Amino acid sequence: MSRIRPARFVHVVYRTRRFAEMIRWYETVFDAHVRYQNPVIAFLSYDDEHHRIALIDLAGVRPDASEPGSGALSGVDHVAYTYATIYDLFENYAQLQEQGILPYWCVHHGVTMSMYYADPDGNQMELQVDACADAEAADAYMRGPHFETNPIGVEFDPDEILAKLRAGAPGAVFLTRTIDLPVSPIRGSIAA
């Protein structure tokens, strides 16, 4: 089987200690609009993607490391690439696994089903598939009770889902997040 490539680059996530200021800056510079916001995270977009930019407020996630002037955690958290289908995402997972490359976090966010990887330098990337049919459905989900209950997501076992997909289960079965709890702990460098 040939290598499976992402369909497109989709978003970047930044960690900040200047949450409100950063939201205003991205609204101004990109003419972006907030699609969802709570005290810890904001999702912004300037087109039909459910979010092109996300901002994480370190004061809410890591209050112990949110001292002004301390830039150790500020900056890019991760970049994200989307795959055309759930089958592509999971077959790519299998191909990478054969090379000894494993995700450190597999989580169903509700709007995406995502696997997070770190490169040899520790740069983080999200490989994902959209769980919603279009931007309107993603916006509705992000404004709804399930996302409000759990905007982080629920972890999943990629080997279990890969086996079910290969056994013939329809991919659409896995795209709808059917449970909201437990909320996954945040993984990656922000949690270190």
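A compact table of results
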quantity	calculated
Selection count, segment 1-44, where residues are closer than 30 Å to residue 95 by Cα, open to solvent by 50 Å² or more (accessible area, probe 1.4 Å) and under 20 Å from the mean Cα position of the chain (by Cα)	6
Conditions (1) crowded, with 19+ Cβ neighbours inside 10 Å; (2) in contact (Cβ under 8 Å) with a residue 60 or more places away in the chain; (3) within 15 Å of the chain's Cα centre (by Cα): number failed by residue 93	(3)
Residue match in segment 70-80 (condition: among the aliphatic types (A, V, I, L, M), closer than 22 Å to residue 186 by Cα and in contact with an Asp or Glu (Cβ under 9 Å, 6 or more places away or on another chain))	yes
Matching residues, segment 63-95, being assigned to a loop (DSSP other than H, G, I, E, B), out of contact with any strand residue (DSSP E or B) (no Cβ under 7 Å at 6 or more places or on another chain) and at pLDDT 95 or above	84
Within segment 142-192, helices (runs of 4 or more DSSP H) holding 2 or more residues that are modelled with pLDDT of 95 or more, of a type in the set (Phe, Trp, Tyr) and exposed (fewer than 11 other Cβ atoms within 10 Å of the Cβ)	none
Residues of segment 96-114 satisfying the condition of being of a type in the set (A, V, I, L, M) and either in a loop (DSSP other than H, G, I, E, B) or touching a residue at least 24 places away in the same chain (Cβ under 8 Å) (or both)	101, 102, 107, 111, 113
Count - residues of segment 120-129 that are open to solvent by 10 Å² or more (accessible area, probe 1.4 Å), under 15 Å from residue 83 (Cα atoms) and in contact with an Asp or Glu (Cβ under 8 Å, 6 or more places away or on another chain)	1
Which listed residue is under 17 Å from the mean Cα position of the chain (by Cα), open to solvent by less than 20 Å² (accessible area, probe 1.4 Å) and touching a residue at least 60 places away in the same chain (Cβ under 8 Å), from 117, 83	83
Some residue of segment 149-170 being in contact with a helix residue (DSSP H, G or I) (Cβ under 6 Å, 6 or more places away or on another chain), among the hydrophobic types (A, V, I, L, M, F, W, C) and under 18 Å from residue 49 (Cβ atoms)	no
Failed item in (1) in a helix (DSSP H, G or I); (2) within 17 Å of the chain's Cα centre (by Cα); (3) within 25 Å of residue 22 (Cβ to Cβ); (4) small (Gly, Ala, Ser), with residue 60 passing the rest	(2)
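The values are calculated or read from the model by the stated rules, or taken from the named source; none is laboratory data. None of the values given here were measured: they were computed from a predicted structure. Ideal geometry is used to build each Cβ from the backbone, glycine not excepted, and the neighbour counts take in all protein chains shown. All accessible areas refer to the heavy atoms of the entire protein, side chains included, with ligands and DNA or RNA removed. Shrake-Rupley method; radii C 1.70, N 1.55, O 1.52, S 1.80 Å.
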